[in-house]
1. Among the residues in the range A:116-136, are any farther than 25 Å from A:L18 by Cα, touching a Ser or Thr at 6+ places or on another chain (Cβ under 9 Å) and small (G, A, S)?
2. Could you grab me the full set of residues in the range A:202-212 that are in a helix (DSSP H, G or I), at the interface with chain B (Cβ under 9 Å from one of its Cβ atoms) and in contact (Cβ under 8 Å) with a residue 24 or more places away in the chain?
3. Using the structure shown, decide if A:I177 is among the β-branched types (V, I, T) and in contact (Cβ under 8 Å) with a residue 12 or more places away in the chain.
4. Pull out all pairs, ordered by first then second residue, where Cβ-Cβ is under 7 Å, the residues are six or more apart or on different chains, the first lies in the range A:161-172 and is touching a residue at least 12 places away in the same chain (Cβ under 8 Å), and the second is outside any helix (DSSP H, G or I).
5. Restricting to the range A:59-79, name every residue that is open to solvent by less than 20 Å² (accessible area, probe 1.4 Å) and more than 7 Å from every other protein chain (Cβ to nearest Cβ).
6. Would a scan of the range A:126-147 turn up a residue that is at pLDDT below 95, open to solvent by 10 Å² or more (accessible area, probe 1.4 Å) and more than 12 Å from chain B (Cβ to nearest Cβ)?
7. Can you pull out every residue in the range A:28-43 that is buried (at least 21 other Cβ atoms within 10 Å of the Cβ) and either at pLDDT below 95 or farther than 14 Å from A:F147 by Cα (or both)?
8. Just need a number here: residues in the range A:171-201 that are within 7 Å of chain B (Cβ to nearest Cβ) and not in a helix (DSSP H, G or I).
Amino acid sequence: MIKQELYQGIKEAFPIVLGYLPLGFAFGVMARDAGLSAFQSISMSALCLTGAGQFIAIGMSKSGGSLLAIILTNILVNLRYALFAASTVPHLQGRLSPAAATALSYGLTDEVYAVSMNRYRSHEATTAYLAGLVFTAHLAWIGSTFFGALLGHFIGNTEQLGMNFALPAMYISLLVILVQRKSELYVALAAALIAILVGHFIPGAMSTNFNIVAATLIGATMGVLFRE
Amino acid sequence: MSDLQIWLMIFGVAVVSMAPRILPVALFSRREMPPLLKRWLSFVAPAVLGALTAVSILAPAGRLDLSAGNLYLWAFFPTVAVGVKSKSIFLTLFAGIISMALIYHLAG
């Protein structure tokens, strides 16, 4: 049973792995380019596990941004994780021990969140499933950074392989699967529109993901109102 | 940046990226959430995915791009079609990557 759940988690991480490979690779290349050693690049992926946050940190440090500015921007970028984490709690409660739920939440990325929420629609949460999902995704992120940091200069662009569309394609697939009720469809459409408008009209919103946070807050609130 | 500054950056980013994921779970794991909050949170996933999808397709390089030269826009349609039809993450991902590779070469 535990083995099965673990295997299920690893299996469901496969699309995430596919999406992380080109991204982690690109991060490894860029981190080296910004002056990090290979060990530092890999450490950053191991410890931070935040795609957008890491790219922003590297970009800002390369253009002379201060440590404080980098940290503050990262607080903004990572704010959405608090929403994700809170919304997984009702599924984890009573199924995982508080310690296991808390510990495994370290690995909550956009992709891990979406895949696991999709799983919880039809199955109970288990520690083994979540561990399999989180560790596999994290390993892919670290491993691809490793390859990017060490071999980046030998391999050409991955764009011609279509790999740059892996993450958008995953968002699309999860969206199509997760959205089942009419209210959810309206929430997703509204959030899409808000994210684009806020990102386009508020300077810096797109690069800090502030538009994603704004769209989530407003979209979820609309969902509650819709159902009343 | 000096070596020390790089390490400070890594640890600083690690703290502010881990805290928002871990704290809510640690805080709420032992107590019941108010029902209204639970309901609000149930809409977080569709909202986030709607927002992420829109931004990744319409602003793939960080700025709004509604031109015909935005290849992501072209790859979007076959990918959605396969997604709706198959309801499979793997097939949709596969269709998306293949579409993008084809479009990249057709446009290039």
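The values are calculated or read from the model by the stated rules, or taken from the named source; none is laboratory data. All of these numbers come straight from a predicted model, not from anything done at the bench. Cβ atoms come from the backbone with ideal geometry, glycine included; neighbour counts cover every protein chain shown. Quick note on the areas: whole protein, heavy atoms, side chains included, nothing else; ligands and nucleic acids left out. Shrake-Rupley method; radii C 1.70, N 1.55, O 1.52, S 1.80 Å.
1. Filtering the range A:116-136 down to residues farther than 25 Å from A:L18 by Cα leaves A:124.
Subsequent filtering for residues that are touching a Ser or Thr at 6+ places or on another chain (Cβ under 9 Å) retains none.
Looking for residues that are farther than 25 Å from A:L18 by Cα, touching a Ser or Thr at 6+ places or on another chain (Cβ under 9 Å) and small (G, A, S), one finds none in the range A:116-136, hence no.
2. Step one: filter the range A:202-212 for residues in a helix (DSSP H, G or I), giving A:205-208, A:210-212.
Remaining after also requiring at the interface with chain B (Cβ under 9 Å from one of its Cβ atoms): A:206-207, A:211-212.
Across the range A:202-212, the qualifying residues are A:S207, A:I212.
3. Working: among the β-branched types (V, I, T): yes; in contact (Cβ under 8 Å) with a residue 12 or more places away in the chain: yes.
Yes.
4. Between residues of the range A:161-172 that are touching a residue at least 12 places away in the same chain (Cβ under 8 Å) and residues that are outside any helix (DSSP H, G or I), the close pairs are A:N164/A:T158.
5. Of everything in the range A:59-79, just one residue is open to solvent by less than 20 Å² (accessible area, probe 1.4 Å) and more than 7 Å from every other protein chain (Cβ to nearest Cβ), namely A:V77.
6. Checking the range A:126-147: at least one residue is at pLDDT below 95, open to solvent by 10 Å² or more (accessible area, probe 1.4 Å) and more than 12 Å from chain B (Cβ to nearest Cβ).
7. Our first condition is that a residue be buried (at least 21 other Cβ atoms within 10 Å of the Cβ); within the range A:28-43, this holds for A:28, A:31, A:36, A:41-42.
If the condition is that a residue be buried (at least 21 other Cβ atoms within 10 Å of the Cβ) and either at pLDDT below 95 or farther than 14 Å from A:F147 by Cα (or both), then A:G28, A:A31, A:L36 are the ones that fit.
8. 1
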